[in-house]
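To start, the structure itself, in structure tokens.
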Amino acid sequence: MKQYKIAVIAGDGIGPEVIDEGIKVLKQVAELDSGFQFNFTYFPWGCEFYTKNGTMMDDDGIEQLKEYDAIYLGAVGFPGVPDHISLWDLLLRIRKGFDQYVNIRPVKLLKGAHLPLVDVRREDIDMLFIRENSEGEYSGAGDWLFKDQEHEVVLQNSVFSRKGTERIIRYAFERAKKDGKSLTSISKANALNYSMVFWDQVFEEVSAEYPEVETASYLVDAAAMLMIKDPKRFEVVVTSNLFGDILTDLGAALAGGIGLAAGANINPERDFPSMFEPIHGSAPDIAGQQISNPLAAIWSASQMLDFFGYETYGKLVLDAVEQLLVEEKVLTPDMNGNSSTSDVGNRVVELINSLV
Ligand code: NAI
Ligand code: MG
């Protein structure tokens, strides 16, 4: 039997609550199939760890994680620890250390989820964002000169390498080709006269290798408007680190809110573990009350199943989530329900069993 070793970093705030429910779901799916099993190993890393040890993870944390098949992450960040420390010292160390250069974020409005737009049909909101996840505007390159002096200067540089730009665009073309969908590139070449002119050029070059994939290209500001006015234009979308970060939060608002938004950080070559996480943060305002919505964490568990090649089970989990939304009986307060985090996880497990 195939054993998948999963490193669990439940993290801070609501992270552990929502991850518990995702793990319930993964265990249930493994029960249905005698061909594989999950072994979960918990890492106590995050802001509490930082308060005790002065670092967000063990110094050799990346070495420790290397031997796992995937990482399942809740959220990190808590008042008292500056957000740039929790982000750079854990999340970005993992994303960069494991060359997880693809960030996949589905923006799909499930049946039963709240449709926030007028004059738009539910089926029109069905996009797959492929965000560059290793360089670009989040390269961390820059300087802070003459700090706190009158003439201080800060530099924050973007890095667009040929390798980095080509591989993300090619990944997106492969995905669009596989799914039989169009591919839209989002950039900003009118204002960013080096990086985004280069991005557009590479998109054109790679496009020539995929004559069967229909393409479109928009400036990021226009794309933001069109995602609201005419979302059906967007099927598979490829964009830079910063633009992808911003547009997928817009996407989350279109597709049922922060409680439903999931994201996968993928190393396609599988040289290193990939990481699956809900997009939301640690929500300190509601932590510890068992009222957080676990559906985003459960959706990211379904992305993990897809990644391992169990796409039928990935879909089964999403079908169960969709059914839960349609029946409108067991929902957390953010979705106008009055059920607890674990009630929702338990109901998803029941629905999975009723659907197989
Ligand atoms: P947040 O996503 O934690 O919360 C924003 C709002 O959405 C809050 O009102 C919260 O209660 C609500 N919310 C979020 N997830 C929810 C869920 N599953 N169910 C119900 N309600 C939910 O974002 P915020 O407040 O900006 O950040 C809080 C902390 O989380 C910060 O320290 C931040 O750095 C960190 N963070 C971590 C991320 C990660 O680990 N990937 C991503 C975003 C933020
Ligand atoms: Mg974000």
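Rule-based calculations on the coordinates, nothing more; no lab input. Not measured: the values here are computed from a predicted model. Virtual Cβ from ideal backbone geometry, glycine too; neighbours counted across all protein chains shown.
Looking at Lys232, Lys188, Lys181, which is the one that is under 17 Å from Leu128 (Cβ atoms) and in contact with a helix residue (DSSP H, G or I) (Cβ under 7 Å, 6 or more places away or on another chain)?
Going through Lys232, Lys188, Lys181 in turn, just one is under 17 Å from Leu128 (Cβ atoms) and in contact with a helix residue (DSSP H, G or I) (Cβ under 7 Å, 6 or more places away or on another chain): Lys232.
Determine whether Asp83 is over 30 Å from Glu311 (Cα atoms) and away from ligand 2 (no atom under 16 Å from the Cβ).
No.
Considering (1) touching a strand residue (DSSP E or B) at 6+ places or on another chain (Cβ under 9 Å); (2) within 10 Å of ligand 1 (Cβ to nearest atom), say which one Ile286 fails and leave the rest.
Here Ile286 clears every test but (1).
Testing Ser302 on (1) of a type in the set (Ser, Thr, Tyr); (2) under 14 Å from the mean Cα position of the chain (by Cα); (3) assigned to a loop (DSSP other than H, G, I, E, B), one condition comes back false. Which one is that?
It fails just one condition, (3).
Give just the number: which of (1) within 16 Å of ligand 2 (Cβ to nearest atom); (2) over 24 Å from Leu260 (Cα atoms); (3) touching a strand residue (DSSP E or B) at 6+ places or on another chain (Cβ under 6 Å) does Phe43 not satisfy?
(1)
Has the stretch 157-167 got at least one residue that is touching a helix residue (DSSP H, G or I) at 6+ places or on another chain (Cβ under 8 Å), under 30 Å from Gly259 (Cα atoms) and not hydroxyl-bearing (Ser, Thr, Tyr)? Before you say what the answer is, go through the steps one by one.
In the first step, residues of the stretch 157-167 are kept if they are touching a helix residue (DSSP H, G or I) at 6+ places or on another chain (Cβ under 8 Å); the result is 158, 160, 162, 165-166.
Subsequent filtering for residues that are under 30 Å from Gly259 (Cα atoms) retains none.
The answer is no; no qualifying residue exists.
Testing Thr248 on (1) more than 16 Å from ligand 1 (Cβ to nearest atom); (2) β-branched (Val, Ile, Thr); (3) touching a strand residue (DSSP E or B) at 6+ places or on another chain (Cβ under 7 Å); (4) more than 11 Å from Ile186 (Cα to Cα), one condition comes back false. Which one is that?
(1)
Tell me, which helices (runs of 4 or more DSSP H) lie completely within the stretch 1-83 with 1 or more residues that are aliphatic (A, V, I, L, M), surrounded by 17 or more Cβ atoms within 10 Å (Cβ to Cβ) and within 14 Å of ligand 1 (Cβ to nearest atom)?
Correct list: 15-32.
Test of understanding: among Leu115, Leu109, which residue is surrounded by fewer than 17 Cβ atoms within 10 Å (Cβ to Cβ), touching a Lys or Arg at 6+ places or on another chain (Cβ under 7 Å) and within 28 Å of Ser182 (Cβ to Cβ)?
Among Leu115, Leu109, only Leu115 is surrounded by fewer than 17 Cβ atoms within 10 Å (Cβ to Cβ), touching a Lys or Arg at 6+ places or on another chain (Cβ under 7 Å) and within 28 Å of Ser182 (Cβ to Cβ).
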